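One structure is given below, encoded as structure tokens.
Computed from the coordinates by the stated procedures, all read-outs in this text should not be read as laboratory data. What you see is a predicted model, and the numbers here were worked out from it, not measured in a lab. Note that each Cβ is placed from the backbone with ideal geometry, even for glycine, and that neighbours are counted across all protein chains shown.
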Amino acid sequence: MLISVVLPVYNVAEYLPACLDSIINQPYKELEIICVDDCSTDSSSDILTKYAEKDARISIIKNHKNFGPGISRNIGLKQAKGKYIHFVDPDDWLEADLYPKLFKKLDEFSYPDILYFMYKTYNNVTGEHKLKEYKNKSIINKILNPVRNPEAFDNWDRYAWIKLHKRSFLLDNNIIYTADRALEEMIPAAAAYINCKSLVYTDITGINYRINRSGSLVSEGYKSIKSVIKAFEHNKKLYKILPNDIKYKLLGFDYYQIRHNIVRAYIENYINTSELIKTVLKFNTPDSGNYVYNDLDPNEYELLINLRKVLMAKYCPDLWKKIIHLKKKLIP
């Protein structure tokens, strides 16, 4: 069974070889590796060419202009022929035996629409690895329908690269990525969650996710208020078919993710020389799709949250008012 691996590539020369090596060296060989070169200005294009010369499974699509990762994923999806699609970010890398394990799970669970796996964060500054585990371990290795099984939301995450999608599922439901460079995963992740009839959270650890990398879209944060509102309004319509408890959880999830990154981006922009804000931001650790402060006791956590609000209100009062208004508008 063919798996199509789609990589949107833009200026990741430092990390690209490790990513490609982790893919082509997989024991599972039935892969097509579609690299979409999004007009890189570093040596990423040369690296892709060298790898394609050595491995016939690698094909390169060159965008005529810089579209961003969302549109690049769509371009790769159009060319893909595999039964399943795996979108991979080129600054991350796969565990050595990921695809053989996933293939066994696909067969075991009768080829579901979406197959999830866990990941480890890799701090690009400290070199620390940390496993991101599921919140609800009781639903691991079970076939779930998100609409009928509300507990499925407990382990849900928006990232494209922590799951395999059945290609026919994506195409039949017209699930595509958006052009917005910071929010491109948010809308398709919600659409996939709403439309899928079978989802499995596996006990496999598959990806090493690089965090605190300079120049990544995550580090840039979400800076467009208009795109934030657009994404929220879009997802709000999608969630109408869900029971209220799940609908409000999803809206809350979306709101928290966006608010956090807007606050982070604007604070960094306004006071990027402050040692105080560096201290505040270093406690960011991803866990179960939300940003929580695992290393702090409850009192420190509350203090840190309040400090972020104070800094935001002081340095970006207009933006802070918009965020508060957005919360009241979108979340009952």
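Points to keep in mind about this one:
- Between amide H atoms placed 1.01 Å from N, distances below 5 Å from I61 occur with C35, V36, D37, all of them 5 or more places distant or on a separate chain.
- When DSSP beta bridges are restricted to pairs lying wholly in region 3-217, around 35% turn out antiparallel.
- Here the residues T205, T121, T49, ranked from fewest to most Cβ neighbours within 10 Å of their Cβ, fall in the order T49, T205, T121.
- Stokes-Einstein diffusion coefficient of region 3-217, Kirkwood radius over Cα pairs, 37 °C, 0.692 mPa s, in µm²/s: 188 µm²/s
- Sites K50 and S110, calculated FRET efficiency, Cβ-Cβ separation with R0 51 Å, nearest 0.05: 0.80
- Pairs from the list K62/K137; K54/K137; K104/K135; K132/K166; K81/K137 with a Cα-Cα gap above 31 Å: K62/K137; K54/K137; K81/K137.
- Backbone amide hydrogens, once placed in the peptide plane, bring Y209 within less than 5 Å of K120, T121, Y122, excluding anything fewer than 5 places away on its chain.
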